[in-house]
Amino acid sequence: MSGAFGDVWDFLSLRCGQDELEAWAKAVLILADVNVGPGCLTAYWHVSREQYQRRGLEFGTNVAVITADICRNAGSRAAAATLLASRVADLRLEDARAFLRWWQAMRELASAAPECVESLALRTSDALEARDINVFEHFISVGLKRSAAEDRERRRVFFALEDDIARRLVRKEQGGPHFDELDRTLTLFLTALWGRPPNLRALVGSENRPQPRRANIAGPVIRLPEHFQGIDDEEARHLFRACAAHASAHLVFGGLPFRIGSLKPLQIALVNLIEDARIETLAMQRLPGLRTLWSPYHIAQASDLNTAEAIMTRLARALFDPSYKDDHGVVTKGRRLFEAAWARLDDPSISRDIGGLLGNDLGQMRLQFNAKSFVVEPPYRDDGLGLWDFDDDSGIAAESHEMLVEAARMERTEDVDAPLDDRSQAERQSAGRARPTSPDQPGMIIARYPEWDRASGLERRDWSTVREIPAATGDPRLVEEALDAATPVRLRIRQLMQRASVGRSVRLTRQVEGPDLDLDAVIDAGIALRGGELPDGRIFRKSHVAARSVAIALLIDISESTRAQVTTTGRSILDTERVAVAALAEALAALGDPFALLAFASNGHDDVRFTQIKAFAQPYDRQVVSRLAGLKSGLSTRLGTALRHSGAVLDGVSSYRKLIIVLTDGEPSDVDTHDPLDLVEDARRAVVGLRGRGIDSFGVIVGSPSGSAPNIFGRGNTMPVLGVEDLPMRLSELYFRLSRR
């Protein structure tokens, strides 16, 4: 090994200045300090010698720093494999900047998916087949988005290029721009159209699901295909704009989701078609230029085949293009019904009415319709799934319709950015990943907060957006009956209240009178007398019972995992949380302690949903109980943002002691974060920031102990409640203990 180092040193000494040699030697020490091992050191020496003439020695010192980072995250074997792979990358990427970006991409991969670095390094020649660093970076980005952090084998398969989509990505077979390249442009385009920024995401395929061919709407989120296969350059850009404009028009002019009821698959497809025509007509009335954007895709002809799909495509054109002529009975009837409802275009119910009628007519023609293979036309229109409320009581009879609904449910229950996987529902919930609920209104933006970026070590300014969601109401009797059944809990809480209502005993020093002497004051008075000064006569002390002064914000996690049932009681975790919160709220109202009840869930950094069940200034009454009963489980857990906003709510309260108690059952997670540690670290920093403002935060962890909770709140500020049925008592005991500190 010393001989190899000596050879490289001699080679470089003849060609480099003293400063360059010293910098290179320090780079070697950086690698030695992280214990990269002899194999990696030897590889670095050889790479430095080989790449010296092409890149210079300074480039080699930069490589050493990156290699050390790769070693720290992925190990010495991965670092050595990357160094050896750099020989191939150096030849494939002529530009020095592109080569450095390759190194940086490998470092990013080591940080996010360390187990994949060696696999990709061994396939570097194939991964750089396109000789385009943009293609390689896009490949890394897609791989990290497609594969969940906990599914290491799937990620390894992707980055080892054993995945068909991965191989197509590195070969740049898709043609045309990708969503990532147009994301910002499309955001500005839609903001200019409607005056509000959209929530855009990429919709990526997987091994279990073909590449999506149509856009999808999930609540306030518009998901566009990652690319349009076989469509190049400007044509693809035009199609992206048309898709985005159509999907956003649904959010602007659409209504509540349709109930499926007894509709057949063909009727569902026709309702979608009429609704597409309705919102496009309204959009073009406001912005006539949209007709130019969408018209190139309406190419159906009256001479097309009389299949169910072709007839629907012809009907779509007839409702879009007044000059189009088609004498097919379904087309003419559809146009006549739509024109008759022209005065009611603002009413989405016309789409269900007309679609149901046309579905009956088309069904009587005995034309074959395969819901599983049906693709919406024209291509800029979304798949239509976002228009429906897929509840469990829809009473669907047809087997094909059940398959359609099940496919839609699978689409809805995945994270917005994540593909389907083979894990069970229980496994997905145990990993802390939540599932989106049915689409709803996104809520009014009320605040934006920074978020900590663990990778860069910086705060992202105004990164997370808090939206206020009005509280839904439920039946308060459900909560009241559960409280009546918990009589022992109520009795125990009354006992705790009797002790808490007395208040803290405070010792007052330097008083004019009192039962005891204040020794410090006496000494000071003696010193003053010796110095010939007038002593302070306040030399007594006494005790005083101070009034209670404590305010609490009780923050309730209502993410998807709270839907899970408790085996001992048969109720969900959220039901148990409701009872615990109601029991504590009764006690707080009786004591007169100011408190607020808040609930949160999230659907990405720009959609953190906050519901105020009770404000500090509001009384605790049956209306609050009704709002508590109306809480529903769904979405994810962006804890750091929720903590920051709870702190902002507490800032407006005047109190000696301020507390935030978080009631949660899982790890921080969200659909747009691939490494859960990012949100754990952000939540920890939020707790530290609150503590600096005099606000104490405590975590009550329901169910199995949370591995990250002690790191977030501190071990002393974390209370695991293993038996969920014990939650009402444990939560109350925690509060009364904290309020007497």
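The values are calculated or read from the model by the stated rules, or taken from the named source; none is laboratory data. Just so it is clear, the model here is predicted, and its values are computed rather than measured. Positions of Cβ are backbone-derived with ideal geometry, glycine not excepted, and every protein chain shown enters the neighbour counts. Heavy atoms of the whole protein, side chains included, go into the accessibility calculation; ligands, DNA and RNA do not. Shrake-Rupley method; radii C 1.70, N 1.55, O 1.52, S 1.80 Å.
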Check: Just going by the charge dipole of segment 541-640, with Lys and Arg at +1 and Asp and Glu at -1 on Cβ, which of Ala601, Val625, Ala564 is farthest out on the positive end?
Finding: Val625
Note to self: Only sites in a loop by DSSP and with at most 10 other Cβ atoms within 10 Å count here; which trypsin sites (Lys or Arg not before Pro) in segment 289-362 make the cut?
What the structure shows: Lys325
Notebook entry, point to check: Based on the inverse mean of 1/r over its pairs of different Cα atoms, what is the Kirkwood hydrodynamic radius of segment 611-726, in Å?
Noted result: 15.4 Å
Check: So what's the net charge close to Glu459: Lys and Arg +1, Asp and Glu -1, counting the other residues with Cβ under 14 Å from its Cβ?
Finding: +1
Notebook entry, point to check: With every protein chain kept in the model, how would you rank Lys614, Lys26 by accessible area, 1.4 Å probe, largest at the top?
Noted result: Lys26, Lys614
Margin query: Keeping all protein chains in the complex and leaving out DNA, RNA and ligands, what accessible area do you get for Thr509 with a 1.4 Å probe, in Å² to the nearest 10?
Written below: 70 Å²
Next item on the list: Compute the relative contact order of segment 254-398 as a whole-number percentage, counting only Cα pairs closer than 8 Å that sit 6 or more residues apart in sequence.
Entry: 45 percent
Next item on the list: Would you tally the net charge around Asp518, using a Cβ to Cβ cut-off of less than 14 Å, leaving Asp518 out, and scoring K and R as +1, D and E as -1?
Entry: 0
Checklist line | Cβ-based net charge around Pro619, under 14 Å, with every Lys or Arg adding one and every Asp or Glu removing one | finding: 0
Check: Once segment 246-403 is represented by equal point scatterers at the alpha-carbon sites, with solvent omitted, what log10 I(q)/I(0) does the Debye formula produce at q = 0.09, 0.11, 0.20 Å⁻¹?
Finding: -0.26, -0.40, -1.43
Item checked: Hydrodynamic radius by Kirkwood, which averages 1/r over all alpha carbon pairs of segment 232-290, in angstrom -> 13.0 Å
Item checked: FRET E, pair Arg213, Arg477, Förster distance 45 Å, beta-carbon r, rounded to 0.05 -> 0.40
Notebook entry, point to check: What's the Cα-based Rg to Rh of segment 564-659, Rh via Kirkwood?
Noted result: 0.98
Note to self: Heavy atoms of the protein only, probe of 1.4 Å, neighbouring chains included. What is the accessible area of Cys16 in Å², nearest 10?
What the structure shows: 20 Å²
Next item on the list: Calculate the tail of P(r) for segment 634-686: the fraction of all Cα-Cα distances greater than 16 Å, expressed in %.
Entry: 46 percent
Next item on the list: Report Rg (one decimal) and Dmax (nearest whole number) for segment 285-359, counting Cα atoms only, units Å.
Entry: 12.8, 35
Margin query: Rounded to the nearest 10 Å², what accessible area does Asp672 have for a 1.4 Å probe in the complete protein model?
Written below: 40 Å²
